[in-house]
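Undergrad: So that we are looking at the same thing, I have put the structure below in structure tokens.
The values are calculated or read from the model by the stated rules, or taken from the named source; none is laboratory data. Just so it is clear, the model here is predicted, and its values are computed rather than measured. Reconstructed Cβ throughout: ideal geometry from the backbone, glycine too, with neighbour counts over all protein chains shown. What goes into the accessible areas is simple: the full protein's heavy atoms, side chains included, and nothing from ligands, DNA or RNA. Shrake-Rupley method; radii C 1.70, N 1.55, O 1.52, S 1.80 Å.
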Amino acid sequence: MKKNFLLMMALATATTAGAQAVDGHKMFDNWTVGAVYGASMPTQGKTLKNTRNVVGLELTKDITPMFGLGVQTVAGFNTTGSHTAIDNLNTTLFGVANLTNIINGYKGQPRAFEVEALLGVGYNYYYGCSTAMPMVKGSSFTSKLGLNLNYNLGKDHAWTLSLRPALVYDLEGGADVNPAQLNINHAVLELTAGVQYHFRSSNGKRYFTPVRRYNAQEIDALNAKINDLRGKVDEANKELRTVREQLRRTQQMLNDTRNERPVIQRQPAQGK
């Protein structure tokens, strides 16, 4: 199970390696908080009769437009026959791969409808099972496989509504002696609806925005243009200084001329 999870992360990372550069990927960018509500039913036995309500909270961080990580805690009700308000809590660390963006590419903002694949590992704790339901052990490791069918709302894409079918496996099968395994006989089917709120990122958006990539040749060409413009500016500054100096000299000559006193030369009288 661990190998499969790491494989999904590696595939998603490799897929995004050649994708367009995006802005809005700082530590506190692209965080999402959400809530889910729905039902879970066992995959074996009287499925409809044993359907139970579940409710949960989650926090997600998008690493790229194609891949994200998150944590989710789901509470189950009337799952063990105990007298506690909540019968079990299942906390899952998961990764999500945006299949829509992986297949069709990222267009600079979320689409109205997107499909995500989810894979996670978790820890499930049962309350009051030692007396009310002794066949269930106090805790066990779990695995979750599912899809998120997302509907992104509004131009700002601040909210997302989703339908989430998933299989949740009890990896230990409810007994200490069983090795960890994906056994359909020890699993429940979750059918939930979710709502998510996307926080604003440092780029001013609630999602990744494209950034144009420049190759080395483009950068060299831009540097050459910048250097050429700098040379022209330096030459223009030299000419401007020369003109200013000429104006200063002309002004000085004009001032000197204005300050000179007129020289009157007297002519000697004739016939004397």
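Undergrad: Would you confirm, using the coordinates I've provided, whether LEU119 is under 20 Å from GLY68 (Cα atoms) and either at pLDDT below 90 or surrounded by fewer than 18 Cβ atoms within 10 Å (Cβ to Cβ) (or both)?
TA: no
Rundown of residues vs (1) surrounded by 19 or more Cβ atoms within 10 Å (Cβ to Cβ); (2) at pLDDT 95 or above; (3) in contact with a Ser or Thr (Cβ under 9 Å, 6 or more places away or on another chain); (4) of a type in the set (Gly, Ala, Ser), yes/no style:
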residue	(1), (2), (3), (4)
ALA17	no, no, no, yes
MET27	no, no, no, no
GLY45	no, no, no, yes
LEU69	no, yes, yes, no
ASP87	yes, no, yes, no
PHE94	yes, yes, yes, no
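Undergrad: Then there's this: May I ask you to list the residues in region 75-85 that are at negative phi, open to solvent by 50 Å² or more (accessible area, probe 1.4 Å) and not small (Gly, Ala, Ser)?
TA: Passing the criteria: PHE77, HIS83, THR84.
Undergrad: Of the residues that make up region 184-194, is at least one under 34 Å from the mean Cα position of the chain (by Cα), at pLDDT below 85 and in a helix (DSSP H, G or I)? Walk me through how you get there before you give the answer.
TA: Step one: filter region 184-194 for residues under 34 Å from the mean Cα position of the chain (by Cα), giving 184, 187-194.
Applying the additional criterion that residues be at pLDDT below 85 yields 184.
Now restrict to residues that are in a helix (DSSP H, G or I): 184.
Yes - at least one qualifying residue is present in region 184-194.
Undergrad: Quick check on my filter: what residues within region 103-114 are open to solvent by 60 Å² or more (accessible area, probe 1.4 Å) and not small (Gly, Ala, Ser)?
TA: Passing the criteria: ILE103, ASN104, LYS107, GLN109, PHE113.
Undergrad: Could I ask something else about it? Test THR60 against the criterion of being of a type outside the set (A, V, I, L, M), in contact (Cβ under 8 Å) with a residue 24 or more places away in the chain and either touching a Leu at 6+ places or on another chain (Cβ under 6 Å) or open to solvent by less than 50 Å² (accessible area, probe 1.4 Å) (or both), and give yes or no.
TA: yes
Undergrad: Name the residues in region 197-219 that are without any contact (Cβ under 8 Å) to a residue 60 or more places away in the chain and loosely packed, with under 10 Cβ neighbours inside 10 Å, would you?
TA: Selection gives GLY204, ASN215, ALA216, GLN217.
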